[in-house]
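For reference, the structure is listed below as structure tokens.
The values are calculated or read from the model by the stated rules, or taken from the named source; none is laboratory data. No experiment lies behind these values; they were computed from the predicted model shown. Ideal geometry is used to build each Cβ from the backbone, glycine not excepted, and the neighbour counts take in all protein chains shown.
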Amino acid sequence: MAERKSFLIRVDREVLDAVQRWADDDLRSMNGQIEFLLRHALRQAGRVAPQAPADRNTPVDNVDHESA
């Protein structure tokens, strides 16, 4: 597993509450949801290589359902 690093972030309360609700819906922690969203945005922007669908953090819209 990759090294993990902690950092502080300031976020508007409304945004934070919305992300918490989304995390609850997806059965993730707040931290897990934020990392999920960041990874998704990075892949969409072409900033990181796509990950294998077996990765639990891969967004559903990036999974190839045809190969199953």
Worksheet item: For residues in segment 49-68 being of a type in the set (S, T, N, Q) and surrounded by 12 or more Cβ atoms within 10 Å (Cβ to Cβ), which is modelled with the highest pLDDT?
Response: Gln51
Discussion item. Can you tell me how many residues within segment 22-48 are surrounded by 11 or more Cβ atoms within 10 Å (Cβ to Cβ) and assigned to a helix (DSSP H, G or I)?
Written reply: 18
